[in-house]
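The values are calculated or read from the model by the stated rules, or taken from the named source; none is laboratory data. Being a predicted model, the structure only gives us computed values, none of them experimental. In this analysis, Cβ positions are derived from the backbone assuming ideal geometry, glycine residues included, and neighbour counts consider all displayed protein chains.
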Amino acid sequence: MLHRSSLWMKSTALDLLEWNLDLKLEIAWIKKTKLTGGWENFFHCNKCRCCYSVLLKNSHPCVEGAMHNDCPVCFEVWEKFDMEIAATPMPKPYQNKMVRILCNDCGTKSEVQFHIVAQKCPNCKSYNTRQIRGI
């Protein structure tokens, strides 16, 4: 029963992190365009690693990794994560905790310092990561 509960909690935490990232992307969109709404008119191509109009979803010329680190929407969100992490010191018991992460963008596995906000991939600088071991 504990195992099932742990899986539920992990799933819920991942859902919350995904929701949080979606919310941060939407907030970045609103701040960038000064418009509310419209977020549903864009999608993020995981192959190109850039945001495009949904009108191009099945027809954009997709070149793997072409826009990695250059997507203006993602870049703005990653900058906000950097600022949030810098402004949010971890409590002493967690300051030197390391976790193993897997980057969902470049596939790199690495060990990074734990932070409650997010973990950044040291290879491609993306925050699209997941914790695979630690804490």
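Summary table
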read-out: Region 52-77, residues that are in a helix (DSSP H, G or I) and at pLDDT below 75; value: Pro72, Val73, Cys74, Phe75, Glu76
read-out: Residue within region 84-100 that is closer than 23 Å to His44 by Cβ, among the hydrophobic types (A, V, I, L, M, F, W, C) and at pLDDT 90 or above present; value: yes
read-out: Of all residues making up region 78-135, the number that are aliphatic (A, V, I, L, M), part of a loop (DSSP other than H, G, I, E, B) and surrounded by 14 or more Cβ atoms within 10 Å (Cβ to Cβ); value: 3
read-out: Pick from region 84-123, criterion hydrophobic (A, V, I, L, M, F, W, C) and within 12 Å of the chain's Cα centre (by Cα), ranking: nearest to Glu64 (Cα to Cα); value: Cys103
